[in-house]
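To start, the structure under review is shown below, and the notes come after it.
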Amino acid sequence: MVEFAVELDGVSKSYSNFEAVRDIRLRIRKGEFFSILGPSGSGKTTILRLIAGLLFPDKGSIRLMGEEVTLVPPYKRNVGMVFQELALFPHLNVFENVAYGLKVRKVPEGEIRKKVKECLEIVNLDPETYSRRKINQLSGGQQQRVAIARALAIEPSVLLLDEPLGSLDLKLRQHMMSELKRIQKTVKTTFIYVTHDQSEALIMSDRIAVINKGSIEQIGTPAEIYETPATKFVAEFIGEMNFIPAEVYNGGLMSEIGYMKVSKLNGAKRVVVAIRPEKIKLGCSELDNVYNAVIEEVAYLGGFLSLKARINGICLKCLTPSDLRFEENQKVELGWRADDAIVFEA
Amino acid sequence: MKRLLAFPSLIYLLVFFYIPFLIVLLYSLDFPNLTLKYYFEILDSLYLKVFINSLVLAVVTTVLCLVLAYPVAYYIALKAGKWKNFLLILVILPFWISFLLRTYAIMTLLNPLGLMFTFTAVVLGMVYDYLPFMILPLYASLERLSKSQIEVSYVLGAKPSETFLRVTLPLSKPGIVAGIILVFTPALGEFVVPVMLGGTYATIGTVTWDLFLRYHNWWKGSALSMLYIAIVLIAIILYIRRSGRIEL
Amino acid sequence: MIKAFVLLIFLFLYAPIVYVVASSFLDNGELTTKWFSKLFEDRVVINSFYNSLSLALLATLFSVIFGTLAAYAFLRTNMRLESLFYTPIVIPEITEALSLLLFYKIVSFPLGFYSVLIGHIAFNIAFVFVIVKARLSTHLKLVEEASLTLGANEIQTFFRVTVPMAMPGIVAGSLIAFTLSWDNFVKTVFTTGPGFQTLPLLIWSQAARGVVSPSLNALTTLMLLTSFILAYLYVRISIRRE
């Protein structure tokens, strides 16, 4: 019994003049909802296309369900892929789209009909109503569902999703997120989901790989990625973050705002300290680090207040429950625990 | 691999389009002597008259087409409502009929009116043939102009006439330029219409025709058509420079 | 006011066409089809019709094959060579026609059916290329990839996805290529030789001297009808695509 659905070992891929991905090492467990998260141009789609066999790596090896597939063409891999642009067949109707992979596999007609019906039901499209519809008669959300059903029909060993929600509006996107999660729980297939949207990745994934400039920065659960970012890039890319440049001084750090206690140093002399806005406590003096600040901006967000507070030349974003009241130009004490500050090399 | 599929076409065009074109160029330069004597020959007063004839005809045609086409394009693009597609088809339909047939059609009308073999007949025929070429690009540029751009102008206090001069007209300029090029450059070399409706009205087109098919003077004919091509290319390059691309 | 003007312009555009068609059915104010039956008895007309038809069909066949392959090759690969396909559209027809004539004279190619056909194909390739390329979905490559991931190999993908998706463009390109050849006059007249006459040449040989005759009206009506049918088909498939 193999444990991993997808294994990438030292995979690199270059285009004529730049390296798209470099030395990628990934182990994706069977049945996992795994996201590859990164800004555009970071190489995440390249990784997906390498797994699908639409690209072949220059170096390294790829295994699917324990089997070596590095140079196997896509049509022999049995991976499902949902494209960003959906890439539905415009000349075929919904039924024919979903049946396509089964037809080329020469599956008997009766079985095809059963399987298509089953897949349309999984994605919540009524087979009766939609089977005969043309693709261009469907809404964006419905086309999305057909694309997923088409990929699921071949019972893929992994389902690759390339930013499939990018073109949908916010409301539909939120709805499709919970739908995707539900579908994944139903079919129990490994999902590999590529996105640049951190909230999509955080909400849906079991694990996330954050990628930047062709390299993996960190792999972990959503909580690990958010709370203990491994690199400055991850800290900045996921969620809001305050950064304060500082230098090592007397067992702690010295910066423009003053002396800072931290729980851990990384050996570098010049560093950057990262603090999440919600970790900054206002009007509280019993913390490891306390400073005098002036409130510059107050924005009311319902349950929370978003504040900008200035300490000397540094402006910090803070998030605080809205039962506390603050006004612009008000002087406050603010601070944080040494444990909540993360230190990166400058 | 896939790129190889382009080669049959490219080779075909090379042999049967680009090489013949090169031959015309060489003939016009009196190859292998490489002189400009045929170009000087066609710059004498006789041919100058032909050039002026062509120029007058092309300018008159272009101006008339522009004046007549603009209201039509404006109406189809912004006012036609449910008739829009139908009217558009009526504009496009003539593109499917060759000049010869359409010129013949207007000839049948001019004949009983006793207008044949006059400058008026030639101009009528030219405008008749080229009008759709002017309407279409004008329509395309006016269509792109949104109703709200015009409404904003009204809201800001501009009267309809001011709105037209300050918003609509400037925004449709790419279409005007495209239309002028599409009409002016072929009209300059037109020969079907002058021959059929004008009798002896000599233009670059009719003279080229005579030089090639009647007098077999390929050298002079080549020089004449190279001059014509030069004018066409200059017009197109000027247009691309201005707009950055070709749009019809 | 503008409405009346637009109406007048369309009247101007269509009155001559209506007039030709109407007079081809009239003889001294009486409805008749005798001009048409006269046409069908005329050997010269029948011969020219046959020439025009075979010319247009063959020119369409070859230009569609060449042009479509090229459009497919250039899809998503913006090679500089692509602009070579646009020149034949921009260059005035008369220049192209006379350059072919010179070419034939130099290589001593006999003027007639084949010399005309070769010229028509050259011109049509450019048009087919532009039309097919514009209609080949920019998604084609992606859809082909989707087909590969679903288990269809390259050959299956070509016949199940590429060809059907390119079909609207191929049909549109064929219709335009056929029309361009069917009533082409300028290139034909320059590159034809003795003994090869098409319907447009027939019309020209009489009408160039300002002669209008009922049988010429009938012939023109027939040619217009062909163009209208082709245009109608073209609009039909264009609308269905959207």
Which residue is surrounded by the most Cβ atoms within 10 Å (Cβ to Cβ), if the candidates are limited to segment C:148-178 and must be among the hydroxyl-bearing types (Ser, Thr, Tyr) and free of Cβ contacts under 8 Å to residues at least 60 places away in the same chain?
C:THR149
Does B:ALA158 meet the test of being farther than 28 Å from B:LEU233 by Cβ and either in a loop (DSSP other than H, G, I, E, B) or in contact with a Phe, Trp or Tyr (Cβ under 7 Å, 6 or more places away or on another chain) (or both)?
yes
Which condition from (1) free of Cβ contacts under 8 Å to residues at least 12 places away in the same chain; (2) of a type outside the set (A, V, I, L, M, F, W, C); (3) surrounded by fewer than 23 Cβ atoms within 10 Å (Cβ to Cβ) is the one that C:SER99 breaks?
(3)
List the number of the failed condition for B:PHE184; all other conditions in (1) under 30 Å from B:PHE40 (Cα atoms); (2) at pLDDT below 90; (3) surrounded by 18 or more Cβ atoms within 10 Å (Cβ to Cβ) hold.
(2)
Any residue at all in segment C:20-29 that's among the β-branched types (Val, Ile, Thr) and open to solvent by less than 10 Å² (accessible area, probe 1.4 Å)?
yes
Go through segment C:45-71 and give me each residue that's facing another protein chain (nearest Cβ under 9 Å), touching a helix residue (DSSP H, G or I) at 6+ places or on another chain (Cβ under 7 Å) and among the hydrophobic types (A, V, I, L, M, F, W, C).
C:PHE62, C:PHE66, C:LEU69, C:ALA70, C:ALA71
Candidate set from segment B:109-151 (those that are touching a residue at least 12 places away in the same chain (Cβ under 8 Å) and β-branched (Val, Ile, Thr)); member that is surrounded by the fewest Cβ atoms within 10 Å (Cβ to Cβ):
B:THR118
Scanning segment A:321-346 residue by residue, those open to solvent by 10 Å² or more (accessible area, probe 1.4 Å) and either in a strand (DSSP E or B) or at positive phi (or both) turn out to be A:PRO321, A:ASN329, A:LYS331, A:VAL332, A:GLU333, A:ILE342, A:VAL343, A:PHE344, A:GLU345
Among the numbered criteria (1) more than 8 Å from every other protein chain (Cβ to nearest Cβ); (2) within 28 Å of C:VAL21 (Cα to Cα); (3) open to solvent by 10 Å² or more (accessible area, probe 1.4 Å), which one does B:TYR70 miss?
(2)
Wholly within segment C:138-242, which helices (runs of 4 or more DSSP H) include no fewer than the required count, namely at least 3 residues that are of a type in the set (S, T, N, Q) and at pLDDT 90 or above?
C:163-182, C:214-241
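Answer with yes or no whether C:ILE2 is touching a Leu at 6+ places or on another chain (Cβ under 9 Å) and free of Cβ contacts under 8 Å to residues at least 60 places away in the same chain.
Values: touching a Leu at 6+ places or on another chain (Cβ under 9 Å): no; free of Cβ contacts under 8 Å to residues at least 60 places away in the same chain: yes.
Criteria not met by C:ILE2.
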Matching residues in segment A:284-307 - criterion: being free of Cβ contacts under 8 Å to residues at least 24 places away in the same chain and not in a strand (DSSP E or B):
A:GLU286, A:LEU301, A:GLY302, A:GLY303
Only listed residue being within 26 Å of C:PHE158 (Cα to Cα), within 20 Å of the chain's Cα centre (by Cα), of a type outside the set (Ser, Thr, Tyr) and at the interface with chain B (Cβ under 8 Å from one of its Cβ atoms), chosen from C:PHE74, C:PHE129
C:PHE129
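The values are calculated or read from the model by the stated rules, or taken from the named source; none is laboratory data. Note that this is a predicted model, so its numbers are computed, not measured. With ideal geometry, Cβ positions are generated from the backbone for all residues, glycine too; neighbour counts draw on all protein chains shown. These accessible areas exclude ligands, DNA and RNA; they are computed on the full protein's heavy atoms, side chains included. Shrake-Rupley method; radii C 1.70, N 1.55, O 1.52, S 1.80 Å.
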